[in-house]
Amino acid sequence: MNMEVKCIIFDCDGVLVDTEKIGNGILLEMASEYGFKMDIEDAYRDFNGRNLKDCFRYIEEAIHQKLPENFEEEYRQKSFEAFKTQVKPMEGVVDFIEKLKIPYCVASSGPVEKIRLNLEVAGLLDKFENKIFSSYQINSWKPEPEIFLHAAKEMGFEVKDCIVLEDSKAGIKAGISGGFKVYGFANGYNNSDLEEEGAILFSSYEELSKMLQI
């Protein structure tokens, strides 16, 4: 293991669990009923890693009207139902985690119950028990750096000893502005965006293992 790295902070969606397609698909389908149109590729770029309320604001500005009051509740209900059956771990992540000899945790913008549900369905919850940090616990969301700073502190490490694994522009911004070395999970849609924000790109856990000498 690369000795400089003493702790790994994982983002959840799109890094540990494959949820982005499900969540974005449901959001685009619901928003289309109010005249909103967007390709799934653009949703990956503009919505991933962001606070849900920011995504709703983006949609409202585009359609020049407010979404119904129950929109968030309905979205959460529909996505929870879909996540319960469709979420899978990202390819290679289980092997990667099992090879780790250093502490690690997850830090996500989502609510704790959503993070736990996704990890559980993907078969990863036991690996992250007592190491789950949510923006909702500290009322600060990416691209603000607080969630990563909070995770590092709770894990007992300084920023310089941690690396952050992210797949969204907002998440990369959060990590970089917090002073972390950030590795960006490139999925084909986000490569140039992540590089632009200062991430070191990797496209598989196998590649990351070699980069970190695990």
Seminar exercise, completed: Residue hits (region 191-206; among the charged types (D, E, K, R) and open to solvent by less than 70 Å² (accessible area, probe 1.4 Å)) are Asp193, Glu197
For this session: Among what's in region 104-132 and is in a strand (DSSP E or B) and touching a residue at least 60 places away in the same chain (Cβ under 8 Å), pick the residue that is most open to solvent (accessible area, probe 1.4 Å).
Result: Tyr104
Seminar exercise, completed: Going through (1) under 23 Å from Tyr205 (Cα atoms); (2) at pLDDT below 95; (3) more than 12 Å from the chain's Cα centre (by Cα) one by one, Ile8 fails only at (2)
Exercise. Name the residues in region 121-151 that are under 17 Å from Asp13 (Cα atoms) and among the hydrophobic types (A, V, I, L, M, F, W, C), would you?
Worked result: Val121, Ala122, Leu124, Leu125, Phe128, Ile132, Phe133, Trp141, Ile147, Phe148, Ala151
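Just checking, does region 158-168 include any residue being farther than 19 Å from Pro103 by Cα, assigned to a helix (DSSP H, G or I) and either hydroxyl-bearing (Ser, Thr, Tyr) or at pLDDT 95 or above (or both)? Break it down into steps so the answer makes sense when it comes.
Taking region 158-168 first, the residues farther than 19 Å from Pro103 by Cα are 167-168.
After this cut, where a residue has to be assigned to a helix (DSSP H, G or I) as well, the list is none.
Within region 158-168, none of the residues are farther than 19 Å from Pro103 by Cα, assigned to a helix (DSSP H, G or I) and either hydroxyl-bearing (Ser, Thr, Tyr) or at pLDDT 95 or above (or both).
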Problem set entry | Number of positions in region 95-117 that are closer than 12 Å to Asp11 by Cα and touching a Phe, Trp or Tyr at 6+ places or on another chain (Cβ under 7 Å) | 5
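Within region 1-103, considering only helices (runs of 4 or more DSSP H) that don't extend past its boundaries, which have at least 3 residues that are open to solvent by 20 Å² or more (accessible area, probe 1.4 Å) and of a type in the set (Gly, Ala, Ser)?
On the way: elements: 20-32, 40-47, 52-63, 71-86, 93-99.
In region 1-103, there are no helices (runs of 4 or more DSSP H) which contain 3 or more residues that are open to solvent by 20 Å² or more (accessible area, probe 1.4 Å) and of a type in the set (Gly, Ala, Ser).
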Seminar exercise, completed: All conditions in (1) under 20 Å from Val15 (Cβ atoms); (2) modelled with pLDDT of 95 or more are true of Phe71 except (1)
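Right, Leu212: in contact (Cβ under 8 Å) with a residue 40 or more places away in the chain, touching a helix residue (DSSP H, G or I) at 6+ places or on another chain (Cβ under 8 Å) and open to solvent by less than 60 Å² (accessible area, probe 1.4 Å) or not?
Numbers: in contact (Cβ under 8 Å) with a residue 40 or more places away in the chain: yes; touching a helix residue (DSSP H, G or I) at 6+ places or on another chain (Cβ under 8 Å): no; open to solvent by less than 60 Å² (accessible area, probe 1.4 Å): yes.
Here the answer is no, as Leu212 does not meet what is asked.
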For this session: Among the numbered conditions (1) in contact (Cβ under 8 Å) with a residue 12 or more places away in the chain; (2) of a type in the set (Ser, Thr, Tyr); (3) open to solvent by less than 60 Å² (accessible area, probe 1.4 Å), tell me where Tyr136 comes up short.
Result: (3)
Problem set entry | Single match in Gly179, Gly188, Gly175 (criterion: open to solvent by 20 Å² or more (accessible area, probe 1.4 Å), small (Gly, Ala, Ser) and farther than 22 Å from Pro89 by Cα) | Gly179
Exercise. Quick one: Asn191 ticks every box in (1) touching a helix residue (DSSP H, G or I) at 6+ places or on another chain (Cβ under 8 Å); (2) at pLDDT below 95 bar one, so which box is it?
Worked result: (1)
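The values are calculated or read from the model by the stated rules, or taken from the named source; none is laboratory data. On a predicted model such as this, the values are computed, not experimentally measured, just so you know. Note: ideal-geometry Cβ built from the backbone for every residue, glycine included; neighbour counts use all protein chains shown. We work out accessible area using only protein heavy atoms, side chains counted, and drop any ligands, DNA or RNA first. Shrake-Rupley method; radii C 1.70, N 1.55, O 1.52, S 1.80 Å.
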